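Encoded as structure tokens, the structure appears first; notes follow it.
The values are calculated or read from the model by the stated rules, or taken from the named source; none is laboratory data. Predicted, not measured: the structure shown is a model, and the values here were computed from it. Methodologically, a virtual Cβ is constructed for each residue, glycine included, from the backbone with ideal geometry; neighbour enumeration extends over all protein chains shown.
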Amino acid sequence: MPVLTRGALLCLAVAGVAGHMRAESASPSPSASYSVTGVALPGAAPGGVFMDYIAYDAARHRVWIPAGNTGSVAVIDAKTDSVTPVTGFPTTEVERGGRKRTVGPSSASVGEGVVFVGNRGDSSVCGIGAVSLVKGACLTLDSMPDGVAYVAATKEVWVTTPRDKSIRILDASKPGALTAKAKVAFDGEPEGYAVDNARGTFFTNLEDKDRTLAIDVRSRKTVKTWLPQCGEDGPKGLALEAGNDFLVVACSDHVEVLDAGHDGQILSKLDTGAGVDNIDYVASRRELFAAASAAARLTIARLDAQGHLTAAASVDTAKGARNAVATEAGVAYLTDSPEGKVLVVRPATR
């Protein structure tokens, strides 16, 4: 065996490092690694179904789809993709930007045996049995709800109400009942949410101020304010990596990771294409799912222990498809409002 000089060993070491860097920055997997199918929603109108926040119940393998103008919530069995509608939600016609549309149930959050649904049709929040799928008691607010989030640490439901720049806090400690508890006012419009129950922190954005806030769930005081640099469109959705205390912020055309455990420094950014709104993170896979409606693309990215995002896959979807939630198997569900269906993106079997 020939003896290698020190210079030759150094060259081999540099080549090895360079090869490692090339592997980390390689192009993401093509769409061929994933299949994309559609699940039609019951009662879909010719103009589609308006959908916004959806939720995945990991304990029961169900995806909850508030289906706006249909006046119902579609519950999809993640094992079979069969659909069960929960009906009886009021709708109403509103005008925005000179156009009229019918609004209804628009957000969902999984609680303890109950799924909470916000309804823009009558500004209510209702509880639905997570197993029985029976609609229970509702509470009407004096402002239209946007995002709905269950906070297990305090047994509360936090509802973003951007029209009057506030968050409404509802007591959900008693089974089958919701009562108004508090209103927290802000100097901007709350958009998106993430909850850290272990640390007792609620995260939201002020979309019109390009800020991200950390709020103590017990004192209800804003304890940290960060500037995510999303630009004039502002920050949208949020996702939490609780193990490392990283907060992922969705901007309109990219996602970025904030060091939420310290000073909120931006640790990394990743382009996604235009039209990102709500995002999802699956901790067991360390995978982030960001669907860009204008770019018609789903980006799946891996988040490492240093807060760096790396694109793992880019999947062609459809114009208007957004707001992905994902299962522990890496299957993503996207709202396709223009076509009145939900897109299911599955990784190929290996």
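So the values come out like this:
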item: Answer residue from the stretch 26-42, given it is in a loop (DSSP other than H, G, I, E, B) and at pLDDT 95 or above and is surrounded by the most Cβ atoms within 10 Å (Cβ to Cβ) among those; result: Leu41
item: Every residue from the stretch 47-72 that is part of a loop (DSSP other than H, G, I, E, B), in contact with a strand residue (DSSP E or B) (Cβ under 7 Å, 6 or more places away or on another chain) and of a type in the set (Gly, Ala, Ser); result: Ala67, Ser72
item: Within the stretch 128-147, considering residues that are more than 20 Å from the chain's Cα centre (by Cα) and among the small types (Gly, Ala, Ser), the one surrounded by the fewest Cβ atoms within 10 Å (Cβ to Cβ); result: Ser132
item: Options Ala149, Ala137; residue that is assigned to a strand (DSSP E or B) and under 22 Å from Glu328 (Cβ atoms); result: Ala149
item: Set Arg168, Arg163: member being touching a Lys or Arg at 6+ places or on another chain (Cβ under 6 Å) and modelled with pLDDT of 95 or more; result: Arg168
item: Complete set of residues in the stretch 254-292 that are among the polar types (S, T, N, Q), surrounded by fewer than 18 Cβ atoms within 10 Å (Cβ to Cβ) and touching a strand residue (DSSP E or B) at 6+ places or on another chain (Cβ under 8 Å); result: Gln265
item: Conditions (1) out of contact with any Leu (no Cβ under 8 Å at 6 or more places or on another chain); (2) under 26 Å from Asp216 (Cα atoms); (3) surrounded by fewer than 23 Cβ atoms within 10 Å (Cβ to Cβ); number of the one not met by Ser123; result: (1)
item: Hits in the stretch 107-128 - residues which are part of a strand (DSSP E or B), more than 17 Å from Arg62 (Cα to Cα) and not hydrophobic (A, V, I, L, M, F, W, C); result: Gly118, Asn119, Ser124
item: Near pairs, Cβ below 6 angstrom, 6+ apart or cross-chain, from the stretch 260-275 (more than 25 Å from Thr335 (Cβ to Cβ)) to any residue that is small (Gly, Ala, Ser) and in a loop (DSSP other than H, G, I, E, B); result: Leu267/Gly307; Ser268/Gly307
item: Residues satisfying the stated conditions in the stretch 179-200, i.e. crowded, with 19+ Cβ neighbours inside 10 Å and either free of Cβ contacts under 8 Å to residues at least 40 places away in the same chain or of a type in the set (Phe, Trp, Tyr) (or both); result: Phe186, Glu189, Tyr193
item: Some residue of the stretch 50-68 being of a type outside the set (Lys, Arg) and touching a helix residue (DSSP H, G or I) at 6+ places or on another chain (Cβ under 6 Å); result: yes
item: Qualifying residue in the stretch 314-321 (condition: without any contact (Cβ under 8 Å) to a residue 24 or more places away in the chain and either surrounded by fewer than 21 Cβ atoms within 10 Å (Cβ to Cβ) or out of contact with any strand residue (DSSP E or B) (no Cβ under 9 Å at 6 or more places or on another chain) (or both)); result: no
item: The lone exception for Gly307 - which of (1) surrounded by fewer than 18 Cβ atoms within 10 Å (Cβ to Cβ); (2) outside any strand (DSSP E or B) it fails; result: (1)
